[in-house]
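Worksheet: the structure to be examined is printed underneath.
The values are calculated or read from the model by the stated rules, or taken from the named source; none is laboratory data. Quick caveat, the model's predicted, so the values are computed rather than measured. Heads up, the Cβs are rebuilt from the backbone with ideal geometry, glycines too, and the neighbour counts pull from every protein chain shown.
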Amino acid sequence: MEKPLRTLIAPRALEPERGSVDRSAFFKPKTFERTDGAGKSRKLLRLTEPRSARAKPIQIIGGGLAGLTLGIALRRAGVPTVIFEAGHYPRHRVCGEFISGGGLAVLQELGLKRKFLDAGAREAHSAVFVSEKSPSPVHRLPSSALCLSRWVMDKLLADEFQILGGDLRCGKRWRGDVAEGSVRANGRQLQPVENGWRWFGLKAHAKHVPLKADLEMHVFENGYVGLCRLAGEEVNICGLFRRNGERDLAQNRLDWLRGKPGTLLHEQLAGADIDENSFCSVAGLSLRPRRASQESELSIGDALTMIPPVTGNGMSLAFESAQMAAEPLAAYSHREISWSCARQTIARSCDDTFSRRLRWANWLQNLLFSPLVRMPFGKILFQSEAFWKMMFARTR
Ligand SMILES: Cc1cc2nc3c(=O)[nH]c(=O)nc-3n(C[C@H](O)[C@H](O)[C@H](O)COP(=O)(O)OP(=O)(O)OC[C@H]3O[C@@H](n4cnc5c(N)ncnc54)[C@H](O)[C@@H]3O)c2cc1C
């Protein structure tokens, strides 16, 4: 007799939620090719078969967005799940805090979008792009986005995971191998120098920042800074920058975020009341796209690949890769498929979904740092709604 998925989900997760879809849709019945060599006949397994009560545990290294989302989905499928997180919640992370793209559907399916809104997430509908001093007209975003502080978001997901019975071990930095039954979700792979440049990110929240649109993106020769509205009067100011060693990061962190005198960003931030406690930085970023099928370990989110932040799609990639990993891992846990089958299925899904998006994102990132953008042609491109609409679609 098939065990219905809903009996595997903790009762609290079954409460009806405004605007949410049927959560059982999150686990659509799928077939997996057996690759463990047990049967030469290459049988196909269906996940609608009865599930074993002796579920194998899954360990997740990293309790950021990818790890926590995967943990939540696995707990809903009755999988014993442990997350090892080096830090503690709540905490600030360097992030534009602008969620856009397929990740929003994942949040909706998991019943988390409503929780984000209840926690103060703001919808973003409009955007402006500024090249140093010249702003574009205000564009309507092709689809709305959600802006929520990582301070709130990560804590909310961590609480949700624990409510569902997940084992969250904070302050535990994983130093072992990532072997069978383990998933790497520990964020970016460290890359001190790429193409001669050191890439780093900075973030701070501030009050008294006038905005022309829900999202503003300011582009300079050696970086870009995104601004978006958060709950209350707060605005998130977050930038990606490159340097080649001649400037000291610690001394200039606010100078980097504010932009040079004479730029529109500098003017806008003149009266900003910066929340020093929210200030954070990250370095050693690698923006080169990676393919999951070329990795020996199972990785999701930034641990798999980082998409250039200008797309505002990194969090979405974390949510989506967690969703793609959940069903095969549940099948592995319930002894329905082998580890290598689960790993390969997840890698294929990630590559199929992300490869084209990553190529376009890489192209856009290179364009923004090329001198072309500061030439008349680049400026026209920058003002063009059609260009931004196309980029928005291609990077999602
Ligand atoms: C400047 C900048 C701006 C950005 N802006 C946006 C934006 O506006 N929109 C968007 O969608 N994305 C944006 N992103 C990208 C987004 O922040 C990431 O894609 C997202 O945080 C990835 O989530 P993750 O869970 O994979 O990694 P993380 O959020 O980095 O989480 C990894 C977790 O693993 C933990 N960890 C690390 N090592 C270990 C270990 N050994 N053991 C245990 N735990 C460990 C860390 O403490 C951390 O909690 C931006 C990124 C940058 C750099």
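What to note about this one:
- Residue count for region 280-303 under the criterion of being near the ligand (Cβ under 8 Å from one of its atoms) and either buried (at least 24 other Cβ atoms within 10 Å of the Cβ) or part of a loop (DSSP other than H, G, I, E, B) (or both): the result is 5.
- Flag if ALA325 is farther than 26 Å from PHE200 by Cα and out of contact with any His (no Cβ under 6 Å at 6 or more places or on another chain): yes
- Residues that are part of a loop (DSSP other than H, G, I, E, B) and more than 15 Å from ALA124 (Cα to Cα), drawn from region 91-106: ARG91, HIS92, ARG93, VAL94, CYS95, GLY102
- Screening region 83-121 for residues that are aliphatic (A, V, I, L, M) and within 8 Å of the ligand (Cβ to nearest atom) and picking the one that is surrounded by the most Cβ atoms within 10 Å (Cβ to Cβ) gives ILE99.
- Criterion (at pLDDT 95 or above and either of a type in the set (Asp, Glu) or in contact with a helix residue (DSSP H, G or I) (Cβ under 8 Å, 6 or more places away or on another chain) (or both)) met by exactly one of VAL130, VAL106, VAL152, VAL82: VAL106
- Selection of strands (runs of 3 or more DSSP E) fully inside region 127-236 by the criterion of at least 3 residues being crowded, with 22+ Cβ neighbours inside 10 Å and touching a Leu at 6+ places or on another chain (Cβ under 8 Å) returns 198-207, 215-220, 223-229.
- Lone qualifier among VAL178, VAL225 - being within 24 Å of GLY314 (Cα to Cα), out of contact with any helix residue (DSSP H, G or I) (no Cβ under 8 Å at 6 or more places or on another chain) and within 13 Å of the ligand (Cβ to nearest atom): VAL178
- Residue in region 323-333 that is within 13 Å of the ligand (Cβ to nearest atom), of a type in the set (Gly, Ala, Ser) and in contact (Cβ under 8 Å) with a residue 24 or more places away in the chain present: yes
- Residue in region 228-239 that is nearest to the ligand (Cβ to nearest atom), counting only those that are closer than 16 Å to HIS92 by Cα and out of contact with any Cys (no Cβ under 8 Å at 6 or more places or on another chain): GLY239
- When ALA185, ALA213 are screened for being in contact (Cβ under 8 Å) with a residue 12 or more places away in the chain and under 29 Å from GLY378 (Cα atoms), only ALA213 passes.
- Region 56-82, residues that are in a loop (DSSP other than H, G, I, E, B) and more than 7 Å from the ligand (Cβ to nearest atom): LYS56, PRO57, ALA77, GLY78, VAL79, PRO80
- Residue, farthest from the ligand (Cβ to nearest atom), within region 334-367, restricted to residues that are of a type in the set (Val, Ile, Thr) and either touching a helix residue (DSSP H, G or I) at 6+ places or on another chain (Cβ under 6 Å) or closer than 30 Å to GLU221 by Cβ (or both): ILE337
- Region 344-389: number of residues that are within 18 Å of SER321 (Cβ to Cβ) and either touching a strand residue (DSSP E or B) at 6+ places or on another chain (Cβ under 7 Å) or of a type in the set (Val, Ile, Thr) (or both): 3
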